[in-house]
There are 2 protein chains.
Amino acid sequence: MTCSADYAPQLRARGYRMTPQRMVILHVIHHSGKHLSPSVIYEKARKELPGITETTVYRTLEFLAQNGLVRSAHMGNGHLVYEIAGHEHHHLKCRICGSEMEVEHSLLAKLYHQLETASGYQLTDSHLTFFGLCPNCQKGE
Amino acid sequence: MTCSADYAPQLRARGYRMTPQRMVILHVIHHSGKHLSPSVIYEKARKELPGITETTVYRTLEFLAQNGLVRSAHMGNGHLVYEIAGHEHHHLKCRICGSEMEVEHSLLAKLYHQLETASGYQLTDSHLTFFGLCPNCQKGE
DNA sequence: TTCCTTATTGCAACTATTTGCAATAACATA
DNA sequence: TATGTTATTGCAAATAGTTGCAATAAGGAA
Ligand SMILES: [Mn+2]
Ligand SMILES: [Mn+2]
Ligand SMILES: [Zn+2]
Ligand SMILES: [Zn+2]
């Protein structure tokens, strides 16, 4: 669980605290490498810290997302999933078979600039999910 | 409630039925012109059809979205909202003050084509929400 | 108009997520 | 190392959304 040592300073710098709960949640997300639902995170976290509650998991996930340590995404089933905030990327997901693929944010950089220029907004988030049909499922149409 | 007359054939053509519940829900969404949450839709629908249940509202909204009559969106609070499926568009939303603005899909058309070419996926959905800072809130940063 | 099939609804029970509040514990300071 | 402040947690209760199933009713066919 050494990985959480890297995150503590980020929290302290903002006046927040590192706790066993936050450590274990970061640990779980950090080492999974994929999108995890709150309930899966809870189950895994519980193995290392049996007393942890679901309430804390939900609250911590939102807190970590707010502070840029993790990133949330809607993958189409209506429920949020979380992952460590690493490289900026987006997702493509097939409406039929559910297969996913990642898209580098650099592919959207031009669009983001266009949108910023056209709207005056400064875009801060980048973790979108585009839906469509994968090459395989297009055949069946 | 005449507006629902237009929707009935679309449902029948697919083997589905038009019901008072679907009528009133479509009516509510059609005449609102903005994004509505399931609970707001339920409250409004109830005024016209007192017996309707929340379960039916949730189920109907998903059904209508699946069949292209309405469109759902995540506007950042974790809850889905719905609107009539009219012109294709996306949204820009300020993380601080919550102000929103619409973006025509045509602005993203080029990107969509790029993504399709690069990935092989055929993109079907277009109702995204981009988050950032509105011109006004940028000043305070 | 009446009948029949089956899509749709309502109910009740369940799972998921949020919120208020008092108890706890992180960590800055002395 | 001991102390005080207050960020954070756990609990319980509330709200939001889902699911199985039997009763109902839309609408095609007779
Ligand atoms: Mn991702
Ligand atoms: Mn919209
Ligand atoms: Zn597919
Ligand atoms: Zn703003």
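Remind me, relative contact order of chain A in percent, using alpha carbon pairs under 8 angstrom and six or more residues apart?
On the way: 166 pairs, mean separation 26.5, N = 141.
Dividing the mean separation by the residue count of chain A yields 19 percent.
Grab the DSSP H runs of chain A that are 4 residues or longer, score each as -39,500 (n - 2.57), total them, divide by all residues and round the 222 nm result to the nearest 500 deg cm²/dmol.
On the way: 6 runs with 58 residues, N = 141.
My calculation for chain A gives -12000 deg cm²/dmol from helical runs alone.
Compute the distance from the alpha-carbon center of the stretch B:9-29 to that of the stretch A:30-90, in whole Å.
38 Å
State, in angstrom, two size descriptors of the protein assembly as shown derived from its alpha carbons: Rg to one decimal place and Dmax to the nearest whole number.
So, for the protein assembly as shown, Rg and Dmax equal 21.0, 64 Å respectively.
List the distances, in nm and shortest first, from the label point of A:LYS139 to the matching label points in every other copy, placing each point 7 Å from Cα along the Cα-to-Cβ direction.
Its label point is 5.9 nm from the equivalent points in the other copies.
Shortest first and in nm to one decimal, what separations exist between B:MET18 and its copies in the other chains, measuring from label points 7 Å along the Cα-to-beta-carbon line?
6.3
Suppose you put the label 7 Å out from Cα in the Cβ direction; list, shortest first and in nm with one decimal, how far B:GLU48 is from each other copy's label.
For B:GLU48, the inter-copy label distances come out at 5.2 nm.
List the trypsin sites (Lys or Arg not before Pro) within the stretch A:1-58 that DSSP assigns to loop and that have no more than 11 neighbouring Cβ atoms inside 10 Å. Provide the component values of the computation, followed by the final result.
Numbers: sites: A:ARG12, A:ARG14, A:ARG17, A:ARG22, A:LYS34, A:LYS44, A:ARG46, A:LYS47; in loops: A:ARG14, A:ARG17, A:LYS34.
Passing both the DSSP loop test and the Cβ count: A:ARG14, A:ARG17, A:LYS34.
Kindly sort A:GLU116, A:GLU141 by accessible area of their heavy atoms, largest first, with the probe set to 1.4 Å. Intermediate results must be reported in sequence, preceding the final value.
Numbers: A:GLU116 50, A:GLU141 150 Å².
Ranking A:GLU116, A:GLU141 by accessible area, largest first, yields A:GLU141, A:GLU116.
Can you give the charge dipole size of the protein assembly as shown about its Cα centre, rounded to the nearest 20 debye, using +1 on the beta carbon of Lys and Arg and -1 on the beta carbon of Asp and Glu? Don't skip to the end; give the middle numbers.
Values: 28 positive and 26 negative charges, 121 e Å.
I would put it at about 580 debye.
Restricting things to alpha carbons, find the Rg to Rh ratio for the stretch B:89-140 using the Kirkwood radius for Rh.
Numbers: Rg = 13.8 Å, Rh = 12.4 Å.
With Rg and the Kirkwood Rh in hand, the quotient comes to 1.11.
Kirkwood Rh over Cα pairs of chain B into Stokes-Einstein at 20 °C, 1.002 mPa s: D in µm²/s? Let's see the in-between values first.
Values: Rh = 16.8 Å.
For the chosen part, D equals 127 µm²/s.
Less than 17 Å apart at the alpha-carbon level, and either on another chain or at least 8 residues along: which aspartates and glutamates does that give for B:LYS93?
In chain and number order, the partners are A:GLU116, A:ASP125, B:GLU83, B:GLU102, B:GLU104, B:GLU141.
Between B:LYS47 and A:ASP125, with labels modelled 7 Å along Cα→Cβ, what's the label distance in nm to one decimal, could you check?
3.0 nm
The values are calculated or read from the model by the stated rules, or taken from the named source; none is laboratory data. Just so we're clear, the structure is a prediction, and the values are computed from it rather than from any experiment. No Cβ is skipped: glycine too gets one built from the backbone with ideal geometry, and neighbour counts run over all protein chains shown. Surface accessibility is based on the protein's heavy atoms, side chains included, excluding ligands, DNA and RNA. Shrake-Rupley method; radii C 1.70, N 1.55, O 1.52, S 1.80 Å.
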